[in-house]
Amino acid sequence: MSVFRVKSVEQSVRDTEEPEHRLRRELSALDLTVFGIGVIVGTGIFVLTGRVARDLAGPAVALSFVAAGIVCALAALCYAEFASTVPVAGSAYTFAFATLGEFPAWIIGWDLMLEMMLGAAVVAVGWSGYLNSLLSTMGIKLPAAIAGEGSVFNLPAALVVLALTAVLVAGIKLSSRFNLIIVTIKVAVVLLVIAAGLFFISPDNYTPFIPPAKQTPAVAGLSAPLIQVLFGVSPVAYGVLGIFSAAAIVFFAYIGFDVVATAAEETRNPQRDLPIGIIASLAICTVLYVAVSLVVVGMQPYSQLSEAAPLADAFKAVGQNWAATLISIGALAGLTTVVMILMLGMSRVVFAMSRDSLLPRWLSIVHPKFGTPYRITILMGLVVALLAGLVPLSTIAELVNIGTLFAFVIVSIAVVILRRTRPDLPRSFRTPLVPLIPILSVLACLYLMLNLPVETWLRFVIWMIIGVVVYATYGYSHSRLTHPAMDGGWEAGSARGV
């Protein structure tokens, strides 16, 4: 049997009806949109805007957010077609299995597992930092051994992960209601900050809107971007190229909209609701990001923006200290939902892989009362809590970025393949201008991947090699495609290369 054997779309859909592995369809288009906003809007909106404006784009950082939003929109259109055509848990893993074959699907699933696991742990550590800062302003000091970057065990980070794990186990509807409440709080904070900031904007701070370009020093060693190592392209600050250099960074503030696709199997009307949830959440977040970036560079000259907390410090510069506390509350709310939804996405990807027996099948058993993959959720929650509590993750956070971009590339390619191999499938949403849109998506994502450091690429390759070893020693031999008669039988014809 070939490692590129394909699992048919029809079989993927039939698997969702197995009693022990059936998820409950309880989500609406609104729930999915709020999930998307919940995972996209995090610290990036409070921190990233000022840093890239100061160092790379100047007041034109708003255009950087627009450019990054367009890149994400290209991938989002591909995700929307796939998610509505194959409404099955697993997102890019499931899409790859239906088009590229089992081994590429395993690789992308292994990649998504790393992306979401590390992403949730990194964000939980950030959540702990904001909580520590907020408590300090209230005169409450947490012991250094259990909180902060130098702690022996980061207890607040671990506890928030465990609490959110309990919410996820208790049911998808409860998770969506909890997410709605927290997202409402953080969006209200963002809107209030935007509205308040409008009164302190100085038009002079927008001039020049695109500062003159200037060369920046080349980065040496493993920290150098891969594009510099391969092609000798040195970074450029400001000017038109500076806008796109900034876009490569602010792109990562959008990471997460693809997680919406992992909830396909729990959506009441996936053919209609999934495209709405994916595209609407991305559009709303783009508007919020552009508005915040215009406010922050209008309140303070871009060259004077701080790196750690540019939005809060911009308000302090105009004598509005109350904003720092408000922004900390908004960031705490924002990071809470990011952790929860990344863990939701991770559990659904592993659920799909274990249901296909590429990982132990007992992991995909659904709770008889709550209707959630509770074994995977608890196991992943414990792993993420340990990572957040014990490991200094700042140096490997960019693995989240490369993993996401890799998934975007695979999905964009898979859309074109499925159009050719299964033109007969009903598609309630169709990506426009195929193959142009998928090709542009692939090229844009590859460009952003080239801007990541060499050390990030090396870590990514090492993780992929580990994945190949796990597949060779366990996944291939246990796969349901290796055993077509398993559980009443899969169609032998669903495997290409037999």
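Since every read-out is calculated from the coordinates, none of them should be taken as a lab result. Please read these numbers as outputs of a predicted model, since none were measured by experiment. Note that we place each Cβ from the backbone using ideal geometry, even for glycine, and neighbour counts take in every protein chain shown.
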Förster radius 41 Å - calculated FRET efficiency between residue 144 and residue 421 (Cβ-Cβ, nearest 0.05): 0.10
field: Length released on extending from residue 271 to residue 283, taking residue separation times 0.36 nm less the Cα-Cα span
entry: 2.4 nm
- prompt: GluC sites (Glu not before Pro), restricted to the range 225-330: which are DSSP loop and have at most 13 other Cβ atoms within 10 Å?
  reply: 307
- line: Exposure-ranked with fewest Cβ neighbours within 10 Å first, 176, 28 stand as 28, 176
- prompt: Cα-based Rg of the range 257-298 per 2.2 N^0.38 Å, rounded to two decimals?
  reply: 1.53
field: Theoretical ellipticity at 222 nm over the chain - DSSP helices of four or more residues, -39500 (n - 2.57) apiece, nearest 500
entry: -20500 deg cm²/dmol
Along the chain, longest interval not containing exposed chymotrypsin sites (Phe, Trp or Tyr not before Pro), exposed being DSSP loop plus at most 14 other Cβ atoms within 10 Å: 210-498
- request: Using a cut-off of 15 Å between beta-carbons, work out the net charge of the residues near residue 437 (Lys and Arg +1, Asp and Glu -1, residue 437 not included).
  value: +2
statement: Here D for the range 178-335, in µm²/s, from Stokes-Einstein with a Kirkwood Rh over Cα pairs at 25 °C and 0.890 mPa s, works out to 134
- request: Provide the FRET efficiency to the nearest 0.05 for the residue 174-residue 365 pair, computing r from the beta carbons and using R0 = 22 Å.
  value: 0.65
- request: Just subtract the alpha-carbon distance of residue 70 and residue 430 from 0.36 nm times their residue separation and send over the number in nm, one decimal.
  value: 127.8 nm
task: Could you work out the longest stretch of the chain that avoids the trypsin sites (Lys or Arg not before Pro) located in DSSP loops with at most 12 other Cβ atoms within 10 Å?
output: 142-368
- prompt: Using alpha carbon centroids, what distance separates the range 333-407 and the range 1-63, in Å?
  reply: 13
- prompt: What spacing in nm lies between the two simple spin-label points modelled at residue 188 and residue 213, each 7 Å away from Cα in the Cβ direction?
  reply: 4.6
message: Please compute the length gained on full extension between residue 440 and residue 137, using 0.36 nm multiplied by the number of residues separating them and subtracting their Cα-Cα distance.
response: 104.4 nm
query: Of all the Cα-Cα pairs you can form in the chain, what percent are over 36 Å apart?
result: 28
- line: In terms of the alpha carbon gyration tensor, root eigenvalues a ≥ b ≥ c, rounded if a/c is under 1.5 and otherwise prolate when a/b exceeds b/c or oblate, the range 428-474 is oblate
field: Mean separation of Cα contacts under 8 Å (6+ apart) over length of the chain, as relative contact order %
entry: 35
- prompt: Label points 7 Å out from Cα along the Cβ direction at residue 317 and residue 202: separation in nm?
  reply: 0.8
